[in-house]
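Colleague: Quick one: the structure is below, and I'll ask about it shortly.
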Amino acid sequence: MLTTNPYDDDKLREECGVFGVSGSDSAAALVALGLHALQHRGQEAAGITSFDGAHFHTHRAMGHVAGNFDRDEIIRALPGDVACGHVRYSTTGETALRNVQPLYADLSTGGFAIAHNGNISNAMKLRRDLVRRGSIFQSTSDTETIIHLVATSSYRTLMDRFIDALKQVEGAYSLVVMTPEGMIACRDPLGIRPLVMGKLDGAVIFASETVALDVVGATFERSVEPGELIIVQGTEIRSIKPFAPLAPRPCIFEWVYFSRPDSIAGDQSVYTVRKAIGAQLAIESPVDADLVIPVPDSGVPAAIGYAQESGIPFELGIIRSHYVGRTFIQPGDKVRHLGVKLKHNANRALIKGKRVILVDDSIVRGTTSLKIVQMMRDAGAAEVHMRIASPPTRHSCFYGVDTPESSKLLAYKLDVAGMTDFIHADSLSFVSIDGLYKALGEAHRADIRPKYCDACFTGDYPTTLTDHDDTVTVDQFALLAERVI
Ligand SMILES: O=P(O)(O)OC[C@H]1O[C@H](OP(=O)(O)OP(=O)(O)O)[C@H](O)[C@@H]1O
Ligand SMILES: NC(=O)CC[C@H](N)C(=O)O
Ligand code: SF4
Ligand SMILES: [Mg+2]
């Protein structure tokens, strides 16, 4: 499969954030702030590129935004009133500086910088063809294929070349691109990954989530529409839709887990939707108990919804340490598992003798649930019931979320009864797929043209998956990449 994360992580990880500013003399500083608000979407690396009207300037680094972009001299070295940036959690290409975005190239049309959230599901095939025709890749990232497609396009103008490139690309992409002709923001025809537009004084802003607009003090104008390209040149804003229109399929997991709860996604408050999923879960899977306890942080809104609907008191029965590093940066099984223990601890005084309902947003490999159920038992819980605010995650994502291969997903290996035994819970239930759609305001999931991408629950992928269906393995891809660098 496409994912090449070196740590073979046990989690379903976030999926990159992009941020762009056009028309502010503090462009790079605003991008640094915006990226900071999007840090939850990618912690491996961060980068910013600016354009001063004549030259492009880039700073890219491994690690977090804070620590890399919090010094004056770094921001001063990124002059100009146009800038874009990226926080990365890799889906294709290793965690190394050469893959950190924005990627940049000097093309016949001038400089070209690109920041991408998503994953191109035919990147390997495109890359093989491009290399055969003489392209020399600088990275192992899927995103670089777009640059080569623009560079080798037979069209004349930059815009035509860019559209020609996008028409060859399959999968998910929300892009912020910088060229001497202006900034271009676009979403793939299905709008799988999010992208919004905002305004701050005279400046136009693009961001993966509205929370990043809030943080810089910008107003939310609207979402970039699926299949739409918005071009900002000075004060002029143009919108074009060069693709045949398709029914949109935004990623439903944004509401379940990825987006920050204080973001508005597709005109719906993420927090409100998460509470509604929790309430739906209480309706579908009630249980007699004394306490509703969230698995912090991401399980909190759903647990509030479950508690309000069921009338069972909500309590903080698990306290999360905010000082422990993320588990993915601790390679090696032993240390990683220790990391999970360090992150959560039972609030013992509350738990003893109680029948508890634990609410989390998802189960991927089951590591968290297994640990937390045991933690409740060790703290003296009389009964431990687990409720999950998404359907069982049975399939991998090929659209910009780093998931373990499906054989490592707990729900791929076991049915709900098997999973209940595995995590040693007294009971375990997941919200139904129709229940999830209900929480998003739909009557149920439509069998034909469902409103969202929900492939990791249903296996119903909304695009072809050329590379996945191909026989080329990730190792072969890495070899191919090495040969051209
Ligand atoms: O079944 P698993 O493989 O353990 O994965 C599922 C867990 O991973 C995520 O939390 P995570 O700890 O990544 O971060 P969070 O603090 O954002 O909830 C998710 O919220 C679940 O709790
Ligand atoms: N998670 C993402 O959106 C990753 C973007 C791109 N596919 C990369 O690996 O760099
Ligand atoms: S497969 Fe799952 S995580 Fe990936 S885009 Fe679709 S719904 Fe989102
Ligand atoms: Mg969690």
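Colleague: Name the pairs whose Cβ atoms lie under 7 Å apart, with the first residue in region 228-257 and hydroxyl-bearing (Ser, Thr, Tyr), the second within 16 Å of ligand 3 (Cβ to nearest atom), and 6 or more positions between them or separate chains?
Modeller: Tyr257/Ser298; Tyr257/Asp361; Tyr257/Ser362
Colleague: Quick test for you: out of Gly20, Gly34, pick the one residue that is part of a strand (DSSP E or B) and in contact (Cβ under 8 Å) with a residue 40 or more places away in the chain.
Modeller: Exactly one residue qualifies, and that residue is Gly20.
Colleague: Regarding Val431, is this residue at pLDDT below 95 and of a type outside the set (Asp, Glu)? Outline the logic, then answer.
Modeller: On the way: at pLDDT below 95: no; of a type outside the set (Asp, Glu): yes.
Judged against the criteria, Val431 is not a match.
Colleague: Moving on. Can you run down the residue pairs with Cβ atoms below 6 Å, 6 or more apart or on separate chains, where the first is in region 173-193 and over 17 Å from Glu15 (Cβ atoms) and the partner is within 16 Å of ligand 3 (Cβ to nearest atom) and part of a loop (DSSP other than H, G, I, E, B)?
Modeller: Here the result reads Pro189/Pro226; Pro189/Leu246, each pair linking region 173-193 to a residue that is within 16 Å of ligand 3 (Cβ to nearest atom) and part of a loop (DSSP other than H, G, I, E, B).
Colleague: Which condition breaks for Val292 when tested against (1) farther than 24 Å from Val177 by Cα; (2) assigned to a strand (DSSP E or B); (3) within 16 Å of ligand 2 (Cβ to nearest atom)?
Modeller: With (1) farther than 24 Å from Val177 by Cα; (2) assigned to a strand (DSSP E or B); (3) within 16 Å of ligand 2 (Cβ to nearest atom) applied to Val292, the lone miss is (3).
Colleague: Kindly establish whether Ser396 is part of a helix (DSSP H, G or I), in contact with a helix residue (DSSP H, G or I) (Cβ under 6 Å, 6 or more places away or on another chain) and either buried (at least 22 other Cβ atoms within 10 Å of the Cβ) or not assigned by TED's automatic domain parsing to the domain that holds Leu342 (or both). Quick ask: steps written out before the conclusion?
Modeller: Values: part of a helix (DSSP H, G or I): no; in contact with a helix residue (DSSP H, G or I) (Cβ under 6 Å, 6 or more places away or on another chain): yes; either buried (at least 22 other Cβ atoms within 10 Å of the Cβ) or not assigned by TED's automatic domain parsing to the domain that holds Leu342 (or both): yes.
No; evaluated as a whole, the condition is false for this residue.
Here's the yes/no breakdown for (1) farther than 19 Å from Pro242 by Cα; (2) among the polar types (S, T, N, Q); (3) within 16 Å of ligand 1 (Cβ to nearest atom); (4) outside any strand (DSSP E or B):
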{"position": "His86", "(1), (2), (3), (4)": "yes, no, no, no"}
{"position": "Ala105", "(1), (2), (3), (4)": "yes, no, no, no"}
{"position": "Asn117", "(1), (2), (3), (4)": "yes, yes, no, no"}
{"position": "Lys125", "(1), (2), (3), (4)": "yes, no, no, yes"}
{"position": "Ser135", "(1), (2), (3), (4)": "yes, yes, no, yes"}
{"position": "His148", "(1), (2), (3), (4)": "yes, no, no, yes"}
{"position": "Asp160", "(1), (2), (3), (4)": "no, no, no, yes"}
{"position": "Leu175", "(1), (2), (3), (4)": "no, no, no, no"}
{"position": "Ala185", "(1), (2), (3), (4)": "no, no, no, no"}
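Colleague: Checking the conditions here, which among Val340, Val401, Val364 is surrounded by 24 or more Cβ atoms within 10 Å (Cβ to Cβ) and either at pLDDT 95 or above or under 25 Å from the mean Cα position of the chain (by Cα) (or both)?
Modeller: Val401
Colleague: Any residue in region 115-137 that's more than 17 Å from Val150 (Cβ to Cβ): show its pairings with residues that are among the basic types (Lys, Arg) at Cβ separation under 7 Å, as long as the two are six or more apart or on different chains.
Modeller: Here the result reads Asn117/Arg193, each pair linking region 115-137 to a residue that is among the basic types (Lys, Arg).
Colleague: Can I ask one more? Please work out if Ser208 is closer than 26 Å to Tyr461 by Cα and out of contact with any Leu (no Cβ under 6 Å at 6 or more places or on another chain).
Modeller: Numbers: closer than 26 Å to Tyr461 by Cα: yes; out of contact with any Leu (no Cβ under 6 Å at 6 or more places or on another chain): no.
In short, no.
Colleague: Can you name the condition, by its number, that Leu190 falls short on among (1) among the aliphatic types (A, V, I, L, M); (2) surrounded by fewer than 24 Cβ atoms within 10 Å (Cβ to Cβ); (3) within 19 Å of Leu126 (Cα to Cα)?
Modeller: Answer for Leu190: the failing condition is (3).
Colleague: Sticking with this one: Condition first: surrounded by fewer than 23 Cβ atoms within 10 Å (Cβ to Cβ), in the same structural domain as Ala303 (by TED's automatic domain parsing) and in contact with a Gly (Cβ under 7 Å, 6 or more places away or on another chain). Can you find one or more residues in region 431-449 that meet it?
Modeller: no
Colleague: Select from region 404-418 the residues that are away from ligand 1 (no atom under 12 Å from the Cβ) and aliphatic (A, V, I, L, M) and write down the one among them that is surrounded by the most Cβ atoms within 10 Å (Cβ to Cβ).
Modeller: So the residue we want is Leu414.
Colleague: How do the pairs read when you match residues in region 283-297 that are at negative phi with residues anywhere that are of a type in the set (Asp, Glu) and more than 16 Å from ligand 3 (Cβ to nearest atom), using Cβ under 7 Å and keeping only pairs 6 or more apart or on different chains?
Modeller: Close Cβ pairs satisfying both conditions: Ile283/Glu309; Ala289/Glu383; Leu291/Glu315; Ile293/Glu315; Val295/Asp360.
Matching residues to (1) modelled with pLDDT under 95; (2) in contact with a Leu (Cβ under 7 Å, 6 or more places away or on another chain); (3) among the aliphatic types (A, V, I, L, M); (4) in the same structural domain as Glu442 (by TED's automatic domain parsing):
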| residue | (1), (2), (3), (4) |
| --- | --- |
| Thr272 | no, no, no, yes |
| Ala276 | no, no, yes, yes |
| Ala289 | no, no, yes, yes |
| Ile293 | no, yes, yes, yes |
| Pro301 | no, no, no, yes |
| Gly305 | no, no, no, yes |
| Gly311 | no, no, no, yes |
| Arg326 | yes, no, no, yes |
| Gly332 | yes, no, no, yes |
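Colleague: With the requirement that a residue be surrounded by fewer than 24 Cβ atoms within 10 Å (Cβ to Cβ) and touching a Leu at 6+ places or on another chain (Cβ under 7 Å), what does region 93-125 give you?
Modeller: Thr109
The values are calculated or read from the model by the stated rules, or taken from the named source; none is laboratory data. Since we're looking at a predicted model, the values are computed, not measured. So basically every Cβ, Gly included, is an ideal-geometry build from the backbone, and we count neighbours across all protein chains shown.
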